[in-house]
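Single-structure report; data block below.
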Amino acid sequence: MTAQLSGTASDLSRKLPWWPLLVLSAAAFATVTVELLPASLLLELSDDLDVAESTAGLLVTAWALTIAAASIPLTRLTARVPRRHLLPLLVLLLALATAGTALAPSYGWALASRIVAASTHGVFWSLLVPTVATLVPPAVLGRAVSVVLAGPVLAGIVGIPLGAAIGEGVGWRLSFGLLAALLGAASAAVWSLSLQDAPRSVARQAGRDPAMRVVLAVAFATGLVLTGHFMLYTYIAPLLQQFGGYGAAARTALLLVFGLAGLLGIVVSGPLSDRFPHQALGWVSAAFAGSAASLALLPVNVAVAAVVIAAWGMLIGLLPPVFQTRLLRIASPGREAAVGAVGITVLNVGIAAGAAVGGLVVGTWNADGLPVVAAGVIGAAALGLLVYGARRDGVNG
């Protein structure tokens with residue numbers, strides 16, 4: 001029976017609706033590039049807008065806080081808008097807001113445009129993975145999600161470095177202008193798709209969702225895993241330089257290894273989610289705890305560092321698609337968008353919490369303490385996810 005199911009999933013994966021998935025992946029690539037690019041151009045932004053670097057950094061912080069605060073209420077507010085209209089409209093609004101950033105005459109204008117962009121980004125991402133679920137059979141949902149979420153991984157490997165190079169060489173405004181144009185094209189491509197809305201359910205019509213308690217529990221545990229990751233990733237420079245003792249060239253090479261391994265994680269995430277729908281999230285989280293602890297080996301030599309960095313990169317490539325696929329499979333029919341909003345909120349809370357806790361750790365023990373503390377936080381969350389996954393498998397066979 002297992003072989004038969006595996007064969008069926010393999011046959012279905014060959015029949016994935018590649019064009020819609022690739023269009024959505026390209027839109028995700030553009031939105032995440034817009035999200036992360038200011039962090040690579042803080043010096044240029046602060047000089048041109050005549051503000052301190054710490055003030056320019058609020059363009060990054062405000063984005064995460066806006067998404068964390070606004071995604072759930074805005075997703076509820078737009079719930080009755082047909083998805084085939086809403087998704088391209090959101091991408092178009094993001095394009096206009098990004099153009100507003102490129103043309104900003106002052107820092108206040110730039111900050112306001114970033115808040116508008118973050119609000120639309122949050123709703124878009126709340127709907128993105130649930131939309132994928134309407135395009136494919138449940139048996140290959142993980143594979144389809146991994147195709148779409150390859151876009152954000154490529155944003156880190158290609159989009160951010162390219163945008164930063166253009167911004168440093170020609171000017172940050174041109175980088176944002178080109179991204180606005182790319183988002184405009186993505187909006188037109190998304191508009192051309194025949195997207196469907198998720199079916200309404202009795203639970204949704206009655207205002208109740210019996211699965212939401214489980215969704216929130218899984219989201220909270222995964223939020224702790226993400227907190228541990230961002231404790232490490234926010235301070236990856238001191239982790240590699242002060243703790244590992246690596247120079248600029250070695251750090252650049254290790255960051256490239258991290259990014260490429262993340263792409264491999266995306267590739268693996270789909271089959272893993274589809275083959276082990278209940279266990280995959282717990283397994284990935286447990287491996288993440290071990291990976292965080294293994295970062296204590298960074299100072300040994302560059303070869304060992306490359307191995308542990310690659311493992312870490314692969315796991316952060318695995319985690320988001322496995323997590324979001326798991327949430328969708330738990331969700332009640334008709335509640336997918338609300339669950340998507342929970343997922344994107346958890347991600348951004350994890351970014352903020354990880355940066356804050358990581359700062360406390362670095363301030364107290366320097367970068368040396370990051371692997372141990374992060375492994376403890378992630379390990380506690382992984383234990384809960386493993387226990388829940390085992391219990392669910394026992395119930396459902």
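The values are calculated or read from the model by the stated rules, or taken from the named source; none is laboratory data. Only a predicted model underlies this, so the values are computations on that prediction, with no experimental measurement involved. Cβ coordinates were reconstructed from backbone atoms using ideal geometry, including for glycine residues, and neighbour counts include every protein chain displayed. Only protein heavy atoms, including side chains, enter the accessible area calculation; ligands, DNA and RNA are left aside. Shrake-Rupley method; radii C 1.70, N 1.55, O 1.52, S 1.80 Å.
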- Task: Look at segment 1-52 and say how many of its residues are over 27 Å from I115 (Cβ atoms), modelled with pLDDT of 75 or more and open to solvent by 50 Å² or more (accessible area, probe 1.4 Å).
- Result: 4
- Query: Tally time: how many residues in segment 103-126 are in a helix (DSSP H, G or I) and open to solvent by less than 10 Å² (accessible area, probe 1.4 Å)?
  - Reply: 9
- Message: So, G156, is that one modelled with pLDDT under 90 and buried (at least 18 other Cβ atoms within 10 Å of the Cβ) or not?
- Response: yes
- Report, ordered by the first and then the second residue, all pairs with beta carbons closer than 8 Å, sequence separation of six or more or different chains, a first member in segment 265-280 that is more than 18 Å from A381 (Cβ to Cβ) and assigned to a helix (DSSP H, G or I), and a second member that is of a type in the set (S, T, N, Q) and open to solvent by 50 Å² or more (accessible area, probe 1.4 Å). R275/S6
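Report whether or not N366 is of a type in the set (S, T, N, Q), surrounded by fewer than 24 Cβ atoms within 10 Å (Cβ to Cβ) and without any contact (Cβ under 8 Å) to a residue 40 or more places away in the chain. Working first, answer last.
Values: of a type in the set (S, T, N, Q): yes; surrounded by fewer than 24 Cβ atoms within 10 Å (Cβ to Cβ): yes; without any contact (Cβ under 8 Å) to a residue 40 or more places away in the chain: no.
No; evaluated as a whole, the condition is false for this residue.
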- Message: Against the condition crowded, with 24+ Cβ neighbours inside 10 Å and in a helix (DSSP H, G or I), how does S294 come out, does it pass?
- Response: no
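Check P199, P161 and return the single one that is modelled with pLDDT under 90, more than 27 Å from R114 (Cα to Cα) and either surrounded by fewer than 17 Cβ atoms within 10 Å (Cβ to Cβ) or small (G, A, S) (or both). Steps first, please.
Details: P161 fails: more than 27 Å from R114 (Cα to Cα).
When all the criteria are applied, what remains is P199.
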